[in-house]
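The values are calculated or read from the model by the stated rules, or taken from the named source; none is laboratory data. This structure is a prediction, so every number in the text was calculated from the model and none was measured. All Cβ positions, even for glycine, are placed from backbone atoms using ideal geometry, and neighbour counts span all protein chains on display.
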Amino acid sequence: MAVNITTDQFQKLLETISSSRRSTLASCTASFNGEKNSEAVESFLAAVNVYKEIEKITDSEALAGLPLLLRQEAGKWWQGIKTNVTKWDDFQTRLRDTFAPKKPACLIYHEITSERQRPNEPMESFISKKRMLFSLLAENCAKALIDEIFLRYGMPRRVTSDNGPQFVSAVMQQVTFCLQIKHSFTPVYHPEANPKPTSVPTKNDLNPIRRGRGRPKKQTTS
């Protein structure tokens with residue numbers, strides 16, 4: 001017996017079958033063992049978030065499936081806090097705070113400038129690491145501006161900065177946009193527009209001969 005259905009009826013049938021199928025993290029290949037490393041944490045979360053979005057997994061189903069992905073120290077940590085976590089965003093925040101604590105900006109600067117590309121390291125891998133460090137630096141810079149400047153001295157109408165990566169990043173642009181602050185940049189071809197830092201005078205600065213002012217006159221006594 002043949003059954004004839006229209007295109008709309010077939011589409012509704014497919015939607016019903018898809019909605020009745022329960023998606024879980026059982027087939028997700030990502031895993032995390034509790035390594036305290038920002039790159040490892042972000043790679044794990046990126047992979048799980050993509051899988052969660054494609055499979056249309058709800059927050060509650062994703063949280064229930066985490067024991068399949070968290071192993072060793074991460075698994076022990078999750079067993080101790082899972083009763084207090086009800087949202088996926090909360091899980092991500094807690095995971096970052098525990099296994100990828102934010103580094104001070106000075107340490108991030110040091111990693112950016114000191115680490116060199118290894119002989120056998122692909123260029124794509126080296127650049128991706130530097131981009132991740134720049135993104136962390138931008139977050140620290142934005143947080144420092146809000147906590148140490150805006151909340152302490154008030155909200156400015158305009159902020160002027162140089163073209164450093166921490167200032168031109170998407171994080172900083174979002175902060176200034178949300179707070180309705182006009183962000184201006186000094187021109188690259190005119191670095192004199194940057195405020196000069198106050199420094200302790202050196203011997204050369206205090207020596208009038210080296211500064212081109214001539215030899216100091218000797219005092220004569222009458």
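Quick look at the values:
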quantity	calculated
Residue match in the range 129-147 (condition: at negative phi, modelled with pLDDT under 60 and of a type in the set (S, T, N, Q))	no
Verdict on LEU66 being touching a residue at least 40 places away in the same chain (Cβ under 8 Å), within 18 Å of ALA26 (Cβ to Cβ), outside the structural domain of LYS143 (by TED's automatic domain parsing) and within 25 Å of the chain's Cα centre (by Cα)	yes
Any pair with Cβ under 6 angstrom, 6 or more apart, that starts in the range 70-86 at a residue that is under 9 Å from PHE32 (Cα atoms) and ends at one that is part of a helix (DSSP H, G or I) and not polar (S, T, N, Q)	LEU70/TRP78
Hits in the range 29-40 - residues which are surrounded by 15 or more Cβ atoms within 10 Å (Cβ to Cβ) and at pLDDT below 90	SER38, ALA40
